[in-house]
Amino acid sequence: MNLIYGINDKPKFGQMLLQNGVWNGEQVLPEGWVENASSIHIDNYNHDEGEPSDWNQGYGYQIWMCRPEDVYRADGAFGQFTIVFPQEDMIISITETALGALNQQRTLDITWDFLKAFRKTEEDPEAYRSLQRKLASLSLPQPAVHPYSPLRDRINGRTIRIDSGFITPK
């Protein structure tokens, strides 16, 4: 089976990680691979720097460990995260454009605040049911994507000449 991973497949990828490599009832990754991949193979924590960021918690096979215990994530560019919470049987996929690690760390910090609140509600059954209802109703539409310039139809197929920084249609 081929696993194709693209930007809109982040929730599917996270779900497969959460299910230890099983997708649609089929073991598509070798048994034990997810556990191994989400374990620290590279310890990148500098004990002299104080409180480490989420980028200094250790690294597995293309998977970063996170500050909350037993939470790990696969990162994309500029703030794309697939975060797996095995204890909660939950994944969160985030797609944003956050330039620089500081902005990306803020996103993760907000996510960890959510996790703390989520874990607290588990102790209160009514609060937990209320949170579940609220989460089920949340949805953000995909942003409108315009992959081509509005000028595309005007310039497509035309030959354009550039002389000394000036564009002249031919």
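The values are calculated or read from the model by the stated rules, or taken from the named source; none is laboratory data. Keep in mind the model is a prediction, meaning the values are calculated, not measured. Glycine also receives a Cβ, built like all others from the backbone with ideal geometry; neighbour counts cover every protein chain displayed. We work out accessible area using only protein heavy atoms, side chains counted, and drop any ligands, DNA or RNA first. Shrake-Rupley method; radii C 1.70, N 1.55, O 1.52, S 1.80 Å.
Does I91 satisfy the condition of being β-branched (V, I, T), free of Cβ contacts under 8 Å to residues at least 60 places away in the same chain and closer than 30 Å to V145 by Cβ?
Values: β-branched (V, I, T): yes; free of Cβ contacts under 8 Å to residues at least 60 places away in the same chain: no; closer than 30 Å to V145 by Cβ: yes.
In short, no.
Taking D54, is it farther than 14 Å from V34 by Cβ and of a type outside the set (F, W, Y)?
Numbers: farther than 14 Å from V34 by Cβ: yes; of a type outside the set (F, W, Y): yes.
Spelling it out, D54 is indeed farther than 14 Å from V34 by Cβ and of a type outside the set (F, W, Y).
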Please enumerate the residues belonging to segment 109-129 that are open to solvent by 30 Å² or more (accessible area, probe 1.4 Å), within 15 Å of I83 (Cβ to Cβ) and not basic (K, R).
D109, I110, D113, F114
Name every residue in segment 24-46 that is closer than 17 Å to Q62 by Cα, open to solvent by 70 Å² or more (accessible area, probe 1.4 Å) and not in a loop (DSSP other than H, G, I, E, B), in order of residue number.
W33, E35, I42
Per-region count, segment 12-21, residues without any contact (Cβ under 8 Å) to a residue 60 or more places away in the chain and either under 17 Å from the mean Cα position of the chain (by Cα) or surrounded by 16 or more Cβ atoms within 10 Å (Cβ to Cβ) (or both)
4
Evaluate segment 84-100: report whether one residue or more is open to solvent by 50 Å² or more (accessible area, probe 1.4 Å) and at pLDDT 90 or above.
yes
